[in-house]
Structure formats: C-alpha cells, structure tokens
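Trainee: Mind looking over this structure? Questions follow.
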Amino acid sequence: VRNSLEYGRMPPSDAVRIEEMVNYFDYDYALPAGPEEPFATHVTVTPTPWNAGTQLLHIGVQGYEIIPEERLRANLVFLIDVSGSMNDPDKLPLAVQAMHMLVDELHPDDTVALVVYACAAGAVLEPTDARDAREIHRALDRLSAGGSTAGGAGLALAYDLAEQNFDADAVNRVMLLTD
C-alpha cells in the first residue's frame, strides 16, 4: 500500500491487508515488569464505529525489552533464499539491506554464519565474529538471486552448521530469509 501511495497510485485492492496497517503503528504499550514476565497483554473492547450491533476487540502483546549490555552472546546462522524468485528489489536486496543493518547492531563477540540456497545449498560464510563486520558485509554484498529452490538442502546445511557451532551460553538461532 505504502509503495503505491508513494508513487501517487491507488493500491490494488488485493494489496490492502488490514493486519499490515494495524501492525505498522507503535502502540506504546507498557513494558512487562521484568524478564520473569516476558510478555504483557493489553486488551481493549470498543463499539464498532460502522456497525452499532458489534464491538471491536484489540489485543496487543508487548515483549520485555532486553537491556543490550545484558543480552547473551548471539550465535546466528542466516539461511538465505537466493533462488530466482528472490530477484526483485523488494526481496533479496531488501533482505541484504536488513542484514547489513542487523550486523551493525551486533556485539563484537556475536557470531554470524551465512548459508544460501538456490539450485544447491552452500555456506558462503563460516561462523564469523561480528567484530569482523567488514567480512560479513562483503559476503552479503556478493549475494545474487537466480536458479531454482533447494530449500530442504539449505535447511539441513544451516542446522548442521548451527549444531557444529552450538554454544550453551549463547542465544543460538537459525533464521530463514525467503519470500
């Protein structure tokens, strides 16, 4: 919707997804008291403005905000779809842009590994400390889309890499970036 409006066009009706509009706004919900209560819920019931016989239910969930200095070390494996379907400006290039931003927010001792899949799967970056952000950025900049999708092989490789580098004292995650 936003892209259409920014170009001065009405969005196609099938592009209007109410959940995206509702989730766009910051509702400034109160934070949970502490990490022992990781989520707080906020519930509101109001009359429906366009139908007097019904009500709207709004349920908001706010997670506990971790103090950056207290966050455990992150041990991350990113599984990135580089198949031909990702060859649109709002797909792989957008995912790479987001990854660059994320890398710049990591702590120096966090680690990042990159696994890609298209016709085949491969590790394009072994686990690398975020203090070597330049190397991570270079690996991200080399990604390009093309070919078919070997998602199963990519998942297997990403989890193998995560298992080989598992750290019980860290937050270990495999994150999938795909369309």
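The values are calculated or read from the model by the stated rules, or taken from the named source; none is laboratory data. A quick note: this is a predicted structure, and the numbers were derived from the prediction, not measured. Here the Cβ is made from the backbone with ideal geometry for all residues, glycine too, and neighbour counts use every protein chain on show. SASA here: full protein model, heavy atoms, side chains in, ligands and nucleic acids out. Shrake-Rupley method; radii C 1.70, N 1.55, O 1.52, S 1.80 Å.
Trainee: Please list 3J(HN,Hα) in residue order for the range 172-179, calculated via the Karplus relation 6.51 cos²θ - 1.76 cosθ + 1.60 where θ = phi - 60°; whole Hz, with x for glycine and proline.
Mentor: Ordered by residue, 3J(HN,Hα) equals 9, 9, 10, 10, 9, 10, 8, 8 Hz.
Trainee: Say each of Glu65 and Leu31 gets a label point 7 Å from the Cα, pointing the same way as Cα to Cβ; how far apart are those two points in nm?
Mentor: Here the answer is 0.5 nm between the modelled labels.
Trainee: Using the Karplus curve 6.51 cos²θ - 1.76 cosθ + 1.60 with θ = phi - 60°, work out ³J(HN,Hα) for each residue of the range 108-116 in order, rounded to whole Hz, and write x for Gly and Pro.
Mentor: My calculation for the range 108-116 gives x, 8, 5, 10, 10, 10, 10, 10, 10 Hz in order.
Trainee: For the chain, what is the calculated [θ] at 222 nm in deg cm²/dmol (nearest 500), taking -39500 (n - 2.57) for each run of four or more DSSP H residues and dividing by its residue count?
Mentor: Value at 222 nm, helices only, nearest 500: -8000 deg cm²/dmol.
Trainee: While we're here: Just the number, please: carbon plus sulfur as a percent of the accessible area of the range 1-119, 1.4 Å probe, no ligands or DNA/RNA counted.
Mentor: 58 percent
Trainee: May I have the convex hull volume per residue, in Å³, for the Cα set of the range 57-176? List each step's numbers first, then the result.
Mentor: Details: hull volume 16.7 nm³, N = 120.
Roughly 139 Å³ of hull volume per residue.
Trainee: For the range 87-98, what does the Karplus curve 6.51 cos²θ - 1.76 cosθ + 1.60, with θ = phi - 60°, yield as ³J(HN,Hα) per residue in whole Hz, taken in order and with x for Gly and Pro?
Mentor: Taking θ as phi minus 60°, the curve returns 8, 10, x, 9, 10, 4, x, 5, 4, 5, 4, 5 Hz for the range 87-98.
Trainee: Taking the Cβ-Cβ separation of Ala15 and Leu56 as r and a Förster radius of 30 Å, what is the calculated FRET efficiency to the nearest 0.05? Present the calculation step by step, with values, prior to reporting the outcome.
Mentor: Details: r = 23 Å, r/R0 = 0.77.
With a Förster radius of 30 Å, E is 0.85.
Trainee: Further, regarding this structure: If amide hydrogens are placed 1.01 Å from N in the peptide plane, which non-local residues have theirs closer than 5 Å to the one on Val124?
Mentor: Amide H neighbours of Val124: Leu114, Val115, Val116.
Trainee: Could you check the spin-label model distance between Tyr24 and His107? Points 7 Å from the Cα along Cα→Cβ, value in nm.
Mentor: 3.6 nm
Trainee: How much length is gained if the chain between Ala98 and Ser4 is pulled fully straight, taking 0.36 nm per residue apart and subtracting their Cα-Cα distance, in nm to one decimal?
Mentor: Taking Ala98 through Ser4 to full extension adds about 31.7 nm, to one decimal.
Trainee: Another question, if that's okay. What is the P(r) of the range 1-106, as percent of Cα-Cα pairs per 10 Å bin from 0?
Mentor: Each 10 Å bin holds this share of Cα pairs: 10, 22, 33, 25, 10, 0.
Trainee: If I take every Cα pair under 8 Å that is 6 or more residues apart in the chain, average their sequence separation and divide by the length, what percent do I get for the relative contact order?
Mentor: Working: 289 pairs, mean separation 40.5, N = 179.
Once normalised by length, the contact order is 23 percent.
Trainee: Compute the FRET efficiency between His137 and Arg173 as 1/(1 + (r/R0)^6), taking r as their Cβ-Cβ distance and R0 = 25 Å, and round to the nearest 0.05.
Mentor: Working from the Cβ atoms, E equals 0.80.
Trainee: As a test, work out the antiparallel percent of DSSP beta bridges whose residues both lie in the chain, rounded to the nearest 5.
Mentor: On the way: 15 of 30 bridges.
Restricted to the chain, the bridges split so that about 50 percent are antiparallel.
Trainee: Another question, if that's okay. Quick one: accessible area per residue over the chain, 1.4 Å probe, rounded to a whole number of Å²?
Mentor: Details: 11890 Å² over 179 residues.
The answer is 66 Å² per residue.
Trainee: Now a separate question. May I ask for the percentage of alpha-carbon pairs in the range 69-122 that lie more than 12 Å from each other?
Mentor: 70 percent
Trainee: Loop-only trypsin sites (Lys or Arg not before Pro) in the range 1-77, please: DSSP not H, G, I, E or B, and at most 13 other Cβ atoms within 10 Å.
Mentor: Values: sites: Arg2, Arg9, Arg17, Arg71, Arg73; in loops: Arg9, Arg17, Arg71.
Answer by residue number: Arg9, Arg17, Arg71.
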